[in-house]
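In what follows, a structure is listed as structure tokens, so that the remarks can point back to it.
The values are calculated or read from the model by the stated rules, or taken from the named source; none is laboratory data. Keep in mind the model is a prediction, meaning the values are calculated, not measured. Cβ: placed from backbone, ideal geometry, glycine included. Neighbour counts: every protein chain shown. When the accessible area is computed, the model is the full protein with side chains, heavy atoms only, and any ligands, DNA or RNA have been set aside. Shrake-Rupley method; radii C 1.70, N 1.55, O 1.52, S 1.80 Å.
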Amino acid sequence: MSTQTPTLNEIVALAKRRGFVYPASSIYGGLANAYDYGPLGAQLLKNIKDAWWREFIESRQDMVGLETQIIQHPETWVASGHVESFNDPLVEDKVNHKRYRADHLIEAWLKKQTNPPKIDVDSLNLEEMAELIKKHKIKSPDGNPITQPKPFNILFETHLGVVEGEKDKVYLRGETAQGIFLNFKNVLDSTRVKLPFGIGNIGKSFRNEITTGQFVFRTFEFEQAEIEYFFNPKETDWQKLFKKWQDDMWQFVTKTLGVGEASLRWRRHSNAERSFYSQETYDLDFKFPFGFKELWGLAYRTDYDLKQQAKHSGADLSYRDPYTHETFYPHVIEPALGISRAFLMVLVDAYKHDSTGRFYLDIKSDLAPYQVAVFPLLKNKPELIKKARQVFDKLKGDFRTTWDDRGNIGKRYLYQDEIGTPFAVTIDFDTLEKGQVTVRDRNTTKQEVVAVEQLAKYLADKFKQT
Ligand code: GAP
């Protein structure tokens, strides 16, 4: 079995060919950096979100969920610091005026050097980037000189109502996290939570990214699943809690999503890179086809956000301990996952060839868009179709089941391998005569004869083992 990381082109081609991801607005020639999820992609995306929600919200006694608005009161983003400093370093090609992120051009330049200087690009400030660009005469990808880096705010602005003006200016949220802080008091007042506890929020966020072009890795519109875990810093050791979150995140990626540990690493932010309000930040990076990049951020944001939102809104966002009656602002640890990146990771990690060169998607059965495919051996035999329909109807209540009667069985297997369906069930003349079906395993291609009566249990047992 080959476990080599596929190229991004291979992933993009598979995603389009099999209906995971399509370029958005393609009948109009496409819209830069925008993607729609096709029938299989939408299901996979939902399965990842459901798994996250189940693991971090439903199955924990110390967590609750929220679903908050994309557009909140605009002061939210002034309070959070996004209006002032949600910036990326912008440079422009002096000849054709194409725009780039300065740090990305420096990274690309470093990769091309035989003896690259040791530079932590993520920690560079604007002046340091400007100096490097000048010293090494770093050019645009078209070989032209570039301007000095300057801050570019990536928060999306829009207007509410019919009149356009400063008064109606609002923002599409740049993160789902602020919706949690805005509702902190509502949750305290309406539920029975007590510290330490967390609030999860999942949904679309928007960033006017300068550099894009790595498929769904970095897009203008994307999904996040974020948690703010609130605690009393006098009672809870933040370092232990931070470590526990690292373990929980690792467990979700390796066990629940089934991703290989060799493709994962932790990266600690340097002091220069870390946001000023954060006391500790780590990224859980995945080895994407373009290198190790951030999948999931973990930050200790202290009481910064609650205090900021309280200051700007005038609301009391403090916590009163029900036993000691002490009143204070809780601190938070924030695990912030990009769902679109988790989706890309699952596809990349599942992309496999066996020793014969056969390609298959090794997706965990919980996540696979379809878990079982039902094939009638021949489509012009009504008695086979009838029996296959009965099997299909029986399975579809318990499993995500698909039907395929096109082409020969070998082609149907290849198709199901490509979309990651763990099992294919063929209904043939033995089904009619002996009540048996053939079940074929996606990963091993081994086939087993199973009694129709035992089929649902057989599949459920197999899924438990994976
Ligand atoms: N509330 C903290 C926060 O938003 P972040 O590191 O900026 O932190 C969290 O974002 C996660 O959201 C990232 O780890 C990444 O997976 C995802 N993400 C951020 N920008 C993205 C983009 N433009 N496209 C896709 N995913 C993105």
*What accessible area per residue comes out for the range 370-465, rounded to a whole number of Å², with a 1.4 Å probe?*
52
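May I ask you to derive the relative contact order of the range 370-465, considering only C-alpha pairs under 8 Å and at least 6 residues apart, and to give it as an integer percent?
Computed over the range 370-465, the figure is 28 percent.
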_Spatially close lysines, pair count over the range 87-153: Cα under 20 Å, gap of eight or more or interchain_ = 25
*May I ask you to list the aspartates and glutamates whose Cα is less than 13 Å away from that of Lys16, ignoring any residue fewer than eight positions away on the same chain?*
Asp36, Glu418
*Quick one: with all protein chains in place, what share of the accessible area of the range 87-153 is carbon or sulfur, to the nearest percent (1.4 Å probe)?*
51
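Determine the order of Asp461, Asp248, Asp305 by accessible area, beginning with the largest, at a probe radius of 1.4 Å.
Details: Asp461 50, Asp248 25, Asp305 5 Å².
Correct descending sequence by accessible area is Asp461, Asp248, Asp305.
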_Cβ-based net charge around Asp142, under 14 Å, with every Lys or Arg adding one and every Asp or Glu removing one_ = +2
*Does the range 339-401 classify as rounded, prolate or oblate by the C-alpha gyration tensor (a ≥ b ≥ c root eigenvalues; a/c under 1.5 gives rounded; else a/b over b/c gives prolate, otherwise oblate)?*
oblate
*Could you list log10 I(q)/I(0) for the range 87-153 at q = 0.12 Å⁻¹, which the Debye formula gives when each Cα is one point scatterer?*
-0.26
*asked:* Just to confirm a number: summing +1 for Lys and Arg and -1 for Asp and Glu over residues other than Ser26 whose beta-carbon lies under 13 angstrom from that of Ser26, what do you get?
replied: 0
*To one decimal place, what Kirkwood hydrodynamic radius in Å is obtained for the chain from all pairs of distinct Cα atoms?*
25.0
*Tell me, how many Å apart are the Cα centres for the range 38-115 and for the range 370-446?*
40
*Heavy-atom accessible area per residue, the range 87-153, 1.4 Å probe: how many Å²?*
64
*Return the carbon/sulfur percentage of the accessible area of the range 332-466, one whole number, probe 1.4 Å, all protein chains in place.*
48
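Can you tell me the order of 449-457, 221-229 when each peptide is scored by its average per-residue count of other Cβ atoms within 10 angstrom, highest first?
Details: 449-457: 14.2, 221-229: 22.2.
Highest mean packing first, the order is 221-229, 449-457.
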*May I ask for the net charge around Val83, where only other residues with Cβ less than 15 Å from the Cβ of Val83 are counted and Lys, Arg are +1 while Asp, Glu are -1?*
-3
_On a straight-distance basis, which lysines could pair with Lys364 in a cross-link, Cα separation under 16 angstrom, same-chain partners fewer than 8 positions away excluded?_
Lys46, Lys49, Lys255, Lys352, Lys462, Lys464
*State to the nearest 20 debye the size of the charge dipole of the range 370-465 about its Cα centre, where the only charges are +1 on K and R beta carbons and -1 on D and E beta carbons.*
160
*Cα Rg over Rh - the range 1-120, Kirkwood*: 1.05
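What do you get for Rg/Rh of the range 370-465 when both radii come from the Cα atoms and Rh is the Kirkwood radius? Before the final figure, lay out the partial values.
Numbers: Rg = 12.0 Å, Rh = 13.1 Å.
Using only Cα positions, Rg/Rh for the range 370-465 is 0.92.
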_Among Asn183, Phe288, Leu317, whose Cα projects farthest towards the positive end of the dipole of the chain, with charges put on the beta-carbon of Lys, Arg (+1) and Asp, Glu (-1)?_
Phe288
*So what's the back-of-envelope 222 nm ellipticity for the chain, counting only DSSP H runs of four-plus at -39500 (n - 2.57) apiece and dividing by all residues, rounded to 500?*
-9000 deg cm²/dmol
*Run down the lysines and flag those whose C-alpha is under 22 Å from the C-alpha of Lys169, throwing out any fewer than 8 positions away in its chain.*
Lys204, Lys311
*asked:* Which residue, Ala108, Ala79, Val91, has the largest displacement toward the positive end of the dipole of the range 59-118 when charges sit on each Cβ (Lys, Arg +1; Asp, Glu -1)?
replied: Ala108
